[in-house]
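Some notes on the structure that comes next.
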Amino acid sequence: MTIQRLDPEHRMSEAVIYNQTVYYTSVPENLDADAFAQTENALAVIDRILARVGSDKSKVLDATIFLTDHADFAVMNQAWDAWVSPGNAPVRCTVLAGLVDPRYKVEIKIIAAL
């Protein structure tokens, strides 16, 4: 089996595809926004990368959401619920975490089928 690395750099790749499965971690681009807008943005970035590799959100198998503040859980869920493919919700967990850039309020790691 071939491992495909999208936009590989020394430290990390944008995404990795192996065995018809894509692995990707999304961080928001709008770092001065609130948690709702950052979640919407991170999900839109996921949509873009999945489209790039020939997949879409209906094929997300697993999602791990990292939040920096428990108080943002409800608004993150509002953005998530508006985005998630009806009838195709993946396995999901949410973790409170200190993220590297203090402006990040959310980071989302997914595994999806092609």
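Readers should treat all values here as calculations from the given coordinates under stated rules, not as data from a laboratory. Computed from a prediction, not measured in an experiment: that's the story for all the values here. Cβ atoms come from the backbone with ideal geometry, glycine included; neighbour counts cover every protein chain shown.
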Task: the chain, dipole about Cα centre (Lys/Arg Cβ +1, Asp/Glu Cβ -1), debye to the nearest 20 - done: 400
- [ ] Only helical DSSP H runs with n ≥ 4 go in: add -39500 (n - 2.57) per run for the chain, normalise by residue count and round the 222 nm mean residue ellipticity to 500 deg cm²/dmol.
- [x] -8500 deg cm²/dmol
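Not counting the cut sites, what is the longest span of the chain without GluC sites (Glu not before Pro) that DSSP labels loop and that have at most 11 other Cβ atoms within 10 Å? Each step should come with its number before you reach the end.
On the way: sites that count: E9, E29.
With GluC sites (Glu not before Pro) excluded where exposed in loops, the chain gives 30-114 as its longest stretch.
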TODO: Return the loop-located trypsin sites (Lys or Arg not before Pro) in the stretch 4-94 (DSSP other than H, G, I, E, B) with at most 12 other Cβ atoms within 10 Å of their own Cβ; answer none if there are none.
DONE: R11
Task: Distance (nanometres) between label positions extended 7 Å along Cα→Cβ at A71 and I111 - done: 3.4
TODO: Just name one of L61, F73, Y18: the one whose Cα is farthest towards the positive end of the charge dipole of the chain (beta-carbon charges, Lys/Arg +1, Asp/Glu -1).
DONE: Y18
Task: Residue among W83, G98, A112 farthest towards the positive dipole end of the chain, charges placed on Cβ - done: A112
- [ ] Compute the length gained on full extension between W83 and A37: take 0.36 nm times their separation in residues and subtract their Cα-Cα distance, giving the result in nm to one decimal.
- [x] 15.3 nm
Open item on the list: Looking at the chain only, what percent of DSSP beta bridges run antiparallel? Nearest 5 please.
Closed with: 80
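Quick one: divide the alpha-carbon radius of gyration of the chain by 2.2 N^0.38 Å and tell me what you get.
1.04
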Open item on the list: To test your reading of the geometry: what angle, between 0 and 90 degrees and rounded to tens, separates the Cα axis of helix 73-83 from the longest principal axis of the chain?
Closed with: 40
Open item on the list: Using only Cα atoms and rounding to the nearest 10 degrees, what angle (0 to 90) does helix 35-52 make with the longest principal axis of the chain?
Closed with: 10
Open item on the list: If R₀ is 30 angstrom, what is the calculated FRET efficiency for the pair L96 and S13, using the beta carbon separation as r and rounding to 0.05?
Closed with: 0.65
